[in-house]
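The values are calculated or read from the model by the stated rules, or taken from the named source; none is laboratory data. Keep in mind that what you see is a predicted model, and the values were worked out from it rather than measured. Using ideal geometry, Cβ is built from the backbone for each residue, glycine included, and neighbour counts are taken over all protein chains shown.
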Amino acid sequence: MSLRNRLVVMARAPRIGRVKRRLAADVGALAAWRFYRLTAGRLLHRVSGDPRWETWLAVTPEPARAGPRGLWSCSARLVGQGRGDLGARMGRLLTVLPPGPVVIVGTDVPELGPDQVARAFRKLDDADWVFGPAADGGYWLVGARRRPALKLPFSGVRWSTPHALADTLANLRGQRLAFLEVLRDVDRGADLAPIVRRSSGAPADGA
């Protein structure tokens, strides 16, 4: 029996002062909110209509579940993230979604699109888990084959540190792992500057 691929986009309701707080400390709450809303909206537009998978929008806080149209216009199915740290919320999603491979992404990687998602699902044909490593030591994508059994790897992970990916992998010894390319997620003003330069056509430092 062929099982349906499912993509989960984890998002926070785009409220000024409640999103991208580390970025906001560098560029201001309004600029951080604008970046978040634009980047998340573009990602959902690119991936939510793709027939190769079913897209789910996992939102927090729970009142945001009133409907995705109030967040971004997309065709994704809506689910709440629930409580707990990032590992607890991702683990819950991996546990409760219908059977089949699941890939989870966030909304703060401007380079992320359907090509990376499709490659992640292809890697799960042979691997138990797939990761998209981030330049800061975390990861921008995690996917699980979820069969024949699901072993959650998020216990004891030091989130928002350079150790997040290494901690997660340490919990998966003996599992078949696959990886995508390293991308940069935008958490600080320094992460945003190269993206602004590329968008404006300005030369990179030293060019």
For the stretch 154-163 the number of residues that are closer than 28 Å to residue 98 by Cβ and under 16 Å from the mean Cα position of the chain (by Cα) is 2
Taking the stretch 10-23 and keeping residues part of a loop (DSSP other than H, G, I, E, B), closer than 18 Å to residue 79 by Cβ and not hydrophobic (A, V, I, L, M, F, W, C) leaves 14
When every residue in the stretch 10-33 that is among the aliphatic types (A, V, I, L, M) and out of contact with any helix residue (DSSP H, G or I) (no Cβ under 6 Å at 6 or more places or on another chain) is compared, the one surrounded by the most Cβ atoms within 10 Å (Cβ to Cβ) is 10
*Would you call residue 88 under 16 Å from the mean Cα position of the chain (by Cα), farther than 16 Å from residue 168 by Cα, part of a helix (DSSP H, G or I) and among the small types (Gly, Ala, Ser)?*
no
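Yes or no, residue by residue, for (1) outside any strand (DSSP E or B); (2) farther than 21 Å from residue 136 by Cα; (3) at pLDDT 90 or above; (4) of a type outside the set (S, T, N, Q):
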residue: 25; (1), (2), (3), (4): yes, no, no, yes
residue: 30; (1), (2), (3), (4): yes, yes, no, yes
residue: 34; (1), (2), (3), (4): yes, yes, no, yes
residue: 46; (1), (2), (3), (4): yes, yes, yes, yes
residue: 57; (1), (2), (3), (4): no, yes, yes, yes
residue: 63; (1), (2), (3), (4): yes, yes, no, yes
residue: 115; (1), (2), (3), (4): yes, yes, yes, yes
Residue set 93, 7; condition under 20 Å from residue 139 (Cα atoms), modelled with pLDDT of 85 or more, in a helix (DSSP H, G or I) and in contact with a strand residue (DSSP E or B) (Cβ under 6 Å, 6 or more places away or on another chain); output residue 93
